[in-house]
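Student: One structure, as structure tokens, below. Some questions next.
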Amino acid sequence: MINLRGGVVPVVDMRLKFGLSRTEEGENTCIIITEINVDGEPTLLGALADSVEEVIELGPDKIEPSPRVGTRLDTRFIKGMGRHDDRFLIILDIERVFYGDELEIAQEVQETGAAVEMAEA
């Protein structure tokens, strides 16, 4: 959990989410804040990442459907492939990455935070 402008945001370690070892926090470790819909309500979640190289904006014309690559690669979390300069980028479907327990926790945290803010007013 982190405090973001007075609100509580749950944070998920992306390495653990994808079956890797826990993130070792270092100089480049960061939290990416994302908003997803949970039961039609916008909900903030943090994604702990090893590092971020660059933030770019891709228009729909730069995004292609994810390729079918056989059974060895799990593509259920991939929304598509992007092209930026001479590089291909894998675009995650963030709403599929975060599901189940994480979404329930995030929603509870935001509802509890909203209740606390109203009580303080």
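The values are calculated or read from the model by the stated rules, or taken from the named source; none is laboratory data. Please read these numbers as outputs of a predicted model, since none were measured by experiment. Because the Cβ atoms are built from the backbone with ideal geometry, glycine has one as well, and the counts that use them run over all protein chains shown.
Student: Test Val38 against the criterion of being within 22 Å of Arg96 (Cβ to Cβ) and touching a residue at least 60 places away in the same chain (Cβ under 8 Å), and give yes or no.
Tutor: Here the answer is yes, as Val38 does meet what is asked.
Student: Further question on the same structure: Given the structure, is Val11 at pLDDT 85 or above and touching a Cys at 6+ places or on another chain (Cβ under 6 Å)? So that I can check it myself, show each step before the final result.
Tutor: On the way: at pLDDT 85 or above: yes; touching a Cys at 6+ places or on another chain (Cβ under 6 Å): no.
So Val11 does not fit the description; no.
Student: Mind telling me which of the residues Gly19, Gly7, Gly80, Gly46 ends up being under 17 Å from Arg96 (Cα atoms), within 18 Å of the chain's Cα centre (by Cα), loosely packed, with under 15 Cβ neighbours inside 10 Å and not aliphatic (A, V, I, L, M)?
Tutor: Gly19
Student: Enumerate the pairs (first residue in the stretch 66-81 and farther than 15 Å from Ile94 by Cα and at pLDDT below 75; second residue anywhere and outside any loop (DSSP other than H, G, I, E, B) and among the β-branched types (Val, Ile, Thr)) with beta-carbon separation below 6 Å, excluding pairs fewer than 6 apart on the same chain, so at least 6 apart or on different chains.
Tutor: none
Student: Take the stretch 83-104 and flag every residue that is under 20 Å from Arg15 (Cα atoms) and either over 16 Å from the mean Cα position of the chain (by Cα) or modelled with pLDDT of 65 or more (or both).
Tutor: Matches in the stretch 83-104: Leu89, Ile90, Ile91, Leu92, Asp93, Ile94, Glu95, Arg96, Val97, Phe98, Tyr99.
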